[in-house]
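Structure first, then comments.
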Amino acid sequence: MKRDIEIEDRESQMSQEDGSRALLREVLDEIIPPSDDGSFPGAGELGVGERIEAALAERPEVGRIIQRGLASIGDLAERRNPSGFGGLSRSERIAVLREAEAAEPAVFGALVMQAYFGYYTDGRITDRLGVRNPPQPDGYDLEFGDPGLLDPVRARPKLWRDAPGCEEREG
């Protein structure tokens, strides 16, 4: 009897995880949708959700924020359509995301930031964009410029105030 309950609990948890992953994939495809010409996949289609889950496993506090945001999006979607976010039209999905953003901008912002980071650091996207390597850890090669172009900036008066206890720096 106890074993049956444990199996049911595990199956229920797996079903919830699958539903959460599907919702994340669908939401990501709205945050960064596929291009009209098909040359760029949407973030969900690209698999950014799996990258987000892996990154958030290392940062559980951010993971909880993202999960809260997804739960809110799921609830808002189910109020419009019992089949959830996937059952909504594109315009309804966008409306749900806007409502979620208005209700909890910091939570939604964290989700968007994770989506952008996962998408624009993916090698398949950087290759299509013509970027030779991701911005970190190697950085981009910069052409040597004319340092004299900074002279007008250097000639400006000090626009900042020093933090207490810090010595004034020389420009």
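The values are calculated or read from the model by the stated rules, or taken from the named source; none is laboratory data. Only a predicted model underlies this, so the values are computations on that prediction, with no experimental measurement involved. Cβ placement follows ideal geometry from the backbone for every residue including glycine, while neighbour counts extend to all protein chains displayed. The accessibility values were calculated without ligands, DNA or RNA, using every heavy atom of the protein model including side chains. Shrake-Rupley method; radii C 1.70, N 1.55, O 1.52, S 1.80 Å.
Scanning the stretch 50-68 for residues that are touching a residue at least 40 places away in the same chain (Cβ under 8 Å) and among the small types (Gly, Ala, Ser) gives a single hit, 55. Of the residues making up the stretch 51-60, none is at pLDDT 90 or above, under 27 Å from residue 123 (Cα atoms), not in a helix (DSSP H, G or I) and not aromatic (Phe, Trp, Tyr). For beta carbons closer than 6 Å, sequence separation of 6+ or different chains, a first residue in the stretch 144-156 that is touching a residue at least 12 places away in the same chain (Cβ under 8 Å) and surrounded by fewer than 10 Cβ atoms within 10 Å (Cβ to Cβ) and a second that is in a helix (DSSP H, G or I) and among the basic types (Lys, Arg), there are no qualifying pairs.
Close Cβ contacts (under 8 Å, 6 or more residues apart or on different chains) running from residues in the stretch 109-131 that are over 20 Å from residue 72 (Cβ atoms) to residues that are open to solvent by 40 Å² or more (accessible area, probe 1.4 Å) and among the polar types (S, T, N, Q) comprise 128/39. Listed by position, the helices (runs of 4 or more DSSP H) enclosed by the stretch 74-131 that each have at least 3 residues that are surrounded by 15 or more Cβ atoms within 10 Å (Cβ to Cβ) and at pLDDT 90 or above are 90-103, 105-120.
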